[in-house]
Amino acid sequence: MNTVATLNAGPSSASPIAALLAADGYKQSHRMAYTPGTTAILINWTNRSNRFLPDATHAVHFGVQAFCQQYLNEAWAPFFAAHEDTVATEFEKVLLDYFGPNDIGSDHIRALHRKGYLPLVVRSLPEGTLAPIGIATVLIENTDAEFFWLPNYIETALSASIWHPTTVATISSLYRELVEEWGARTGGDADGIGFQAHDFSFRGQHSIDAAAASGAGHLLSFLGTDTMSALDWISRYYPGENGWVGASVPATEHSVMCLEGRAGELDTFQRILKVFPEGIVSTVADGFDFWGVLTNLLPQMKDQIMARDGKLVIRPDSGDPVDIITGEIIVKDQESRAMYEAEKAAGAYGPADLGAIEVLGDLFGYTVNERGYKELDSHIGLIYGDSITLERAKQIFERLEAKGWASTNVVLGIGSYTFAYLTRDVLGSAVKATWALVNGNPVDIQKDPKTGSGKKSAKGRLAVLRDETGELYMVEQATPAQEKQSEIRPVWIDGQFVAAQSFAEVRSTLEAERAARAERRARDLVQI
């Protein structure tokens with residue numbers, strides 16, 4: 001086979017066995033290893049731990065609808081469309097190359113092909129639900145006794161498909177809570193909250209598909225994104241009347257700002273202002289000397305900037321983000337703040353001491369809001385999009401407050417360190433079997449390793465109910481009546497959706513869940 005010629009021949013048709021191979025290798029032998037007489041298996045998906053994300057007492061449930069459409073429907077379509085002999089022959093060849101001589105065979109694959117669909121039922125909490133850590137959010141079982149092996153066979157694809165968007169959605173929800181808390185505390189403009197955390201992670205994601213799914217998770221809590229692939233992903237897998245899904249603004253990168261060198265930097269800035277005479281435009285400003293831009297170039301452009309019908313947003317992109325934004329002089333209390341203001345007025349501090357927020361405020365002016373915090377003039381703004389974490393975001397807001405600035409003066413770009421430097425372990429996400437039917441008898445299954453108590457799994461049929469406060473809790477070894485009342489309900493059965501949500505509905509669910517959780521916490525504080 002000529003590799004170059006094969007690749008140059010053009011797009012190949014979808015592999016009829018690709019979906020079959022979207023599983024860990026050891027899954028191929030499990031069908032033969034199960035107890036004889038097994039006819040049904042129930043598996044669940046649970047985010048079991050927040051050890052690596054302690055602020056996340058709850059996880060945002062997200063991604064199962066996309067999994068059902070992208071994997072259970074789209075990925076398996078070529079398998080069912082191909083001829084049975086083609087599927088079986090290709091599958092057997094892979095098994096031989098992979099395992100060597102084996103007894104796995106392809107009769108079960110032929111039977112599945114003749115079935116014409118995946119005989120499964122997928123049950124799920126409504127997406128957007130804030131599920132307490134340790135609560136099952138997805139249940140899957142077979143609908144045909146012959147295919148008892150199928151629920152656990154698709155475990156790998158299920159896990160690979162939803163752990164990342166769930167984790168990112170959870171992290172972005174924490175950012176949303178943080179910016180709302182500090183916005184309310186410092187009296188900032190609530191209209192800008194939806195854009196205060198902006199997705200800059202695309203280039204550092206593991207793949208284009210990963211960026212799209214992750215970007216959708218972020219957009220459940222915010223509108224700001226540069227990950228445009230998320231928009232198509234959302235329209236494909238969460239269609240409906242979704243309204244305003246995401247947005248960004250014209251912005252420059254270093255190739256633009258550095259093209260004319262240090263000597264041409266002022267001309268470059270002025271050209272950008274002419275090319276974009278109105279609206280918001282963002283310019284990266286650390287190509288050569290960030291503080292020089294703020295103290296030398298911006299004063300030369302002040303009249304042009306103030307005459308625009310819009311905002312010029314300045315973007316530093318190097319250094320410690322906390323210090324760059326708020327300055328290297330730390331103000332801890334009102335007494336030190338008064339001393340700081342006096343020393344600043346006496347010219348004791350340079351721009352790095354003051355931070356970008358103070359330098360821009362001194363140059364362009366500011367107003368004071370009803371809570372007594374300063375807000376930059378509407379013609380100038382500030383965004384930082386490098387090395388931002390939840391902890392650094394909190395530090396930035398704390399320092400801004402200490403210096404008398406509203407938290408909403410700064411937009412934070414969230415990059416791949418936050419959205420891609422993750423694993424399934426961040427939320428301890430896992431799929432486990434909890435129940436089976438063997439020779440007509442129900443069997444509760446539980447993993448309970450003596451060497452790892454944190455990996456103990458749930459047991460039996462499962463139901464998720466709400467207590468008198470509205471909080472979710474899980475019932476193990478649930479009765480049929482409890483299962484009927486469960487918040488986990490069928491969404492996909494035997495190849496067809498029986499329930500679905502638009503992206504707007506998932507967003508609304510999450511917003512309502514955050515509000516309800518805030519009310520519960522407020523009640524708990526009153527009782528204390």
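Overview of results
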read-out: Any hit, region 24-39, residues being modelled with pLDDT of 95 or more, of a type in the set (Lys, Arg) and more than 18 Å from the chain's Cα centre (by Cα); value: yes
read-out: Total residues in region 294-351, condition over 13 Å from Phe364 (Cα atoms), under 37 Å from the mean Cα position of the chain (by Cα) and either of a type outside the set (Lys, Arg) or not in a loop (DSSP other than H, G, I, E, B) (or both); value: 21
read-out: Checking Ile234 against (1) closer than 28 Å to Glu278 by Cα; (2) assigned to a helix (DSSP H, G or I), the condition it does not meet; value: (1)
read-out: Residues of region 436-459 classified as under 24 Å from Phe62 (Cα atoms) and either loosely packed, with under 15 Cβ neighbours inside 10 Å or more than 28 Å from the chain's Cα centre (by Cα) (or both), total; value: 4
read-out: Residue satisfying condition, being closer than 17 Å to Val431 by Cβ, assigned to a strand (DSSP E or B) and either touching a helix residue (DSSP H, G or I) at 6+ places or on another chain (Cβ under 7 Å) or among the aromatic types (Phe, Trp, Tyr) (or both), within set Ala40, Ala66; value: Ala40
read-out: Residue that is among the aliphatic types (A, V, I, L, M), more than 30 Å from Leu472 (Cβ to Cβ) and at pLDDT below 95, where the choices are Ala19, Ala5; value: Ala5
read-out: Condition broken by Thr227, with the remaining ones in (1) at pLDDT 95 or above; (2) not in a loop (DSSP other than H, G, I, E, B) satisfied; value: (2)
read-out: From the options Ser416, Ser407, residue that is touching a residue at least 60 places away in the same chain (Cβ under 8 Å), closer than 19 Å to Pro316 by Cβ and buried (at least 24 other Cβ atoms within 10 Å of the Cβ); value: Ser407
read-out: Criterion violated by Ser282 - all others in (1) in contact (Cβ under 8 Å) with a residue 40 or more places away in the chain; (2) assigned to a helix (DSSP H, G or I); (3) in contact with a Leu (Cβ under 9 Å, 6 or more places away or on another chain) satisfied; value: (2)
read-out: Single unsatisfied condition, His198 versus (1) touching a strand residue (DSSP E or B) at 6+ places or on another chain (Cβ under 7 Å); (2) part of a helix (DSSP H, G or I); value: (2)
read-out: Any hit, region 174-194, residues being more than 20 Å from the chain's Cα centre (by Cα) and under 25 Å from Tyr237 (Cα atoms); value: no
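The values are calculated or read from the model by the stated rules, or taken from the named source; none is laboratory data. Just so it is clear, the structure is predicted and the values come from calculations on it, not from any experiment. Methodologically, a virtual Cβ is constructed for each residue, glycine included, from the backbone with ideal geometry; neighbour enumeration extends over all protein chains shown.
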